[in-house]
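Input: a single structure, listed below in structure tokens.
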Amino acid sequence: MHETAILFLEFGAVLLGLGLLGALALRIGISPIPLYLIAGLAFGTGGVLPLATSEDFISIGAELGVVLLLLTLGLEYNADELVTSLTGNARAGIVDLVLNAAPGAIIALLLGWGPVAAVAMAGVTYATSSGITAKVLSDLGWIGNRETPTVLSLLVFEDLTMAVYLPVLTTMLAGLSLVSGAISVGIALATVSVVLVVALRFGRFIEAFVSSPNSEVLLLKVVGLALLVAGLAQQLQVSAAVGAFLVGIALSGELAEDAQALLAPLRDLFAAVFFVFFGFQTDPAKILPVAGLAALLALVSMVTKVLTGMYAARRAGIGKAGQARAGIALIPRGEFNIVIAGLAVGAGAHPDLGALAAAYVLILAAFGPLAAKLVQPLIQGIAKRA
Amino acid sequence: MEVEQTALPGIGLRHDFTTRSGQRVGVVSHRTGRRDLVIYDKDDPDRACQTVRLNDEEADALAEILGAPRIVQRLNKLHQEVAGLVSVQLPIAGDSPYAGRPMGDARVRTRTGASIVAVVRGGRVFASPGPDFVFQAGDVVVVVGGEDSTAEVADILAEG
């Protein structure tokens, strides 16, 4: 068969399969991310049905997926919201960081994976999936709840932390010497600050440059700019993902909303490819040995997230039931965590890291929303008694 | 009564307040234009026990039933969107030549180009009044048009 024909057949089958899995996820009421990961495990290295021809193509699609994921994550909040969350919720945000980065870091150190893997695993357990959490809030009718702003502002704070964390992580993964590493981290942090300041002060100039009444032109400009900056960032050893994320943060206001709506279908397509590709790279045989560990890690970090949410909500003067809801809403992990693990695996971190992160996200992306649904009646009971 | 306004990053804005009878009510304004009317649980005051999802049209309809301010807000938004267009609220004074006369007599649109889009009377809104709508002293007339033409309407309503 012709190479192109095989490529289309394989890629088409993968996408169609993902579509069916997505439909299944919708029916059960969970995020499709865990199912995409499972599909990737089945079709990749050591899986039941390894794909030969389209792997290169899918790997490029996955890279695009990371760029689009991070670009839209950056678009989600504007610079004002980022700064407000920094000033208003710094304390809860720091509690969130310390409590939830710790389990991942500690487990990596206990396993003897070294400090760099510990930093990567810290990120894997730290970040809540803003996508899945937003969906939980909306599905359960929690958006109007009074604890919801607390939850959202923690998510914003995490986003901001990621802007600093990702460049630091990628420089560490690049394995530079202490001095040149420190210099690159310095450059990365300076870039992040400059982007934030530019977005705050001169956002309208960027918007004037990018904006267009024509959606086609807008789409091309935004994606073009994101890829250009992503490429530049990659060249500077800061990782393409970080570049795209910063472009997303720099764009705000109505433009960002329009761009988000335009990018959504494109992101959904390539992000699905990214999750599959991450599954590809992970050997399913490696998942089983770490499954117990992943479950333990999931359990511990579920508790730490619930505590974080309860602490933040109590500070905001929310009652007991609301505190519990805030904690539970923060449990899901998803895209960010896989992106972080993907960066670490791509840079040659410990081979088990990918498997552990995959199993961990599988559990929490699937279980987080379910937990919220199951616990809802219980919480109402607490409220009635109080 | 104090209306609390809270930003919902990534979603929009929430307004809420407690009624005199102790019921907490709120409105979540999504960036997408969707509005949620939210009723809070009495046992668990942080929880929305009823959420009524409203689209643009439904939110407008509800607001029109509830009162005038929403119309003015909408006009202000319109005004922001279309540069050069202003909306003004002009009272019909007791000594206005048009108090007690039908709106058609003033021939506002013919003379100035501006349009009367609503009349507010005692908290009630008469949207798009016809030419035979009779003005009363104390009415507030909502006019949309250019800066100059709305000023001319003010003169007409005051002096004829």
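The values are calculated or read from the model by the stated rules, or taken from the named source; none is laboratory data. Here the structure is a predicted model, which is why all the values come from computation and not from measurement. Positions of Cβ are backbone-derived with ideal geometry, glycine not excepted, and every protein chain shown enters the neighbour counts.
Mind checking which residues of region A:109-147 are part of a loop (DSSP other than H, G, I, E, B) and away from chain B (no Cβ under 14 Å)?
A:L111, A:G112, A:W113, A:G114, A:A127, listed by residue number.
If the requirement is being within 14 Å of chain B (Cβ to nearest Cβ), assigned to a helix (DSSP H, G or I) and either within 28 Å of A:V242 (Cα to Cα) or under 16 Å from the mean Cα position of the chain (by Cα) (or both), which of these qualifies: A:G354, A:G309, A:G279, A:G342?
A:G309
Of all residues in region A:51-87 being among the polar types (S, T, N, Q) and assigned to a helix (DSSP H, G or I), which is modelled with the lowest pLDDT?
A:S85
Of all residues in region B:30-46, which are more than 7 Å from chain A (Cβ to nearest Cβ) and at pLDDT 90 or above?
B:R35, B:L37, B:I39, B:Y40
Rundown of residues vs (1) of a type in the set (G, A, S); (2) in contact with a Cys (Cβ under 9 Å, 6 or more places away or on another chain); (3) modelled with pLDDT under 90, yes/no style:
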| residue | (1), (2), (3) |
| --- | --- |
| A:G131 | yes, no, yes |
| A:K135 | no, no, yes |
| A:L140 | no, no, yes |
| A:L154 | no, no, no |
| A:T161 | no, no, yes |
| A:P167 | no, no, yes |
| A:L176 | no, no, yes |
| A:I183 | no, no, yes |
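From the list A:A79, A:A101, A:A25, pick out the single residue that is among the small types (G, A, S), touching a helix residue (DSSP H, G or I) at 6+ places or on another chain (Cβ under 8 Å) and touching a residue at least 40 places away in the same chain (Cβ under 8 Å).
A:A79
In region A:194-216, is there at least one residue being closer than 30 Å to A:G19 by Cα, hydrophobic (A, V, I, L, M, F, W, C) and over 18 Å from the mean Cα position of the chain (by Cα)?
no
Could you check A:V238 against (1) crowded, with 18+ Cβ neighbours inside 10 Å; (2) part of a helix (DSSP H, G or I) and say which number it fails?
All conditions pass for A:V238, except number (2).
One residue is enough: does region A:143-158 have a residue meeting the conditions over 26 Å from B:V38 (Cα atoms) and within 18 Å of the chain's Cα centre (by Cα)?
Yes, region A:143-158 has at least one match.
Taking only region A:357-376 into account, find how many residues are closer than 21 Å to B:D44 by Cα and either modelled with pLDDT of 85 or more or away from every other protein chain (no Cβ under 12 Å) (or both).
5
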